[in-house]
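Asker: My structure is below; once you've seen it, I'll send some questions.
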Amino acid sequence: MVQAFPPSALSRSLPPPLSSLRGPPVPVTSSTARCTSLLPGEGGWRDAMFKLEAGATLKNVIIGKNQREGVHCDDHDCTLENVWWEDVCEDALSVKGGTADSVTNVLACGAKGAEDKIIQHNGYGHVNINGFYTENFGKLYRSCGTCGNIKRTVALNHVWGYNPKVSLVTVNANNGDVATFTDDIHVHTSKGANAVCQTTSSTNGAEPKVTSKGPSKNCVFNKDKIEFY
């Protein structure tokens, strides 16, 4: 499992959104988009460097630090493989739409420098994170806390998190969200299990409040099997 950022062999500056991809896996070369107009609040797909449609795969790309919305998977059911964000501007990946059966896969990816969250899950269904390296970030995964009563699930395996400001994962207990940490989780922190997973109470727009930290029925992990370093 990669535990450091890969070098970029090729640099391209392209206007966002770079591509709207449909269908089978599509390899994409690296990009160095520029985030020259970071505005207050969250942007939309027009601010993304890549917009993926359901069934699309984005792989083998390094997204430069000057961009805003990273990758949008607005209809869920996307796959990201070997995708790296040099410096997260807003969200690295936004997952929206879909159904309760939708699955988006994040495989062997990495990101750093996220003030808040890296993966923002606003839609339905499940996100599978299998292989992720991140450093100096707020949260690796956030189930939307202001999107109403939608249940979401996430599974994490082979994850390295260096210096999380909040936790690897934040989910909503009142929606029945479940985060499952399966194997090979490493966290550089002095906060112990509190830096692995926390729950909030979701709302329809107000700021969610934290309801618990550490293992619970919504945050499923064995703290003795987490490597804290």
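The values are calculated or read from the model by the stated rules, or taken from the named source; none is laboratory data. Given the structure is predicted, the values throughout are model-derived calculations rather than measurements. Using ideal geometry, Cβ is built from the backbone for each residue, glycine included, and neighbour counts are taken over all protein chains shown.
Asker: Quick one: how many residues across segment 76-98 are charged (D, E, K, R) and modelled with pLDDT under 95?
Answerer: 4
Asker: Another question, then. Surrounded by fewer than 22 Cβ atoms within 10 Å (Cβ to Cβ), modelled with pLDDT under 95 and not polar (S, T, N, Q): is that true of Glu207 in this structure?
Answerer: Taking the combined requirement at face value, the residue satisfies it.
Asker: A further question on this structure: Could you tell me whether Ala108 is at pLDDT below 95 and among the hydrophobic types (A, V, I, L, M, F, W, C)?
Answerer: No.
Asker: A further question follows. Let me spell it out: the conditions are (1) out of contact with any Lys or Arg (no Cβ under 7 Å at 6 or more places or on another chain); (2) assigned to a strand (DSSP E or B); (3) at pLDDT 95 or above; (4) not polar (S, T, N, Q), and Asp183 meets all of them except one. Which number is the exception?
Answerer: Going through the list (1) out of contact with any Lys or Arg (no Cβ under 7 Å at 6 or more places or on another chain); (2) assigned to a strand (DSSP E or B); (3) at pLDDT 95 or above; (4) not polar (S, T, N, Q), Asp183 breaks only (3).
Asker: Tally the residues that are free of Cβ contacts under 8 Å to residues at least 40 places away in the same chain and more than 17 Å from the chain's Cα centre (by Cα), restricting the search to segment 184-200.
Answerer: The qualifying residues number 6.
Asker: Which members of segment 159-173 meet the condition of being under 18 Å from Phe228 (Cα atoms), buried (at least 19 other Cβ atoms within 10 Å of the Cβ) and not aromatic (Phe, Trp, Tyr)?
Answerer: Of everything in segment 159-173, those that are under 18 Å from Phe228 (Cα atoms), buried (at least 19 other Cβ atoms within 10 Å of the Cβ) and not aromatic (Phe, Trp, Tyr) turn out to be Val159, Gly161, Pro164, Val166, Ser167, Leu168, Val169.
Asker: Name the residues in segment 47-73 that are under 13 Å from Asn105 (Cα atoms) and in a loop (DSSP other than H, G, I, E, B), would you?
Answerer: Those that are under 13 Å from Asn105 (Cα atoms) and in a loop (DSSP other than H, G, I, E, B): Ala54, Gly55, Ala56.
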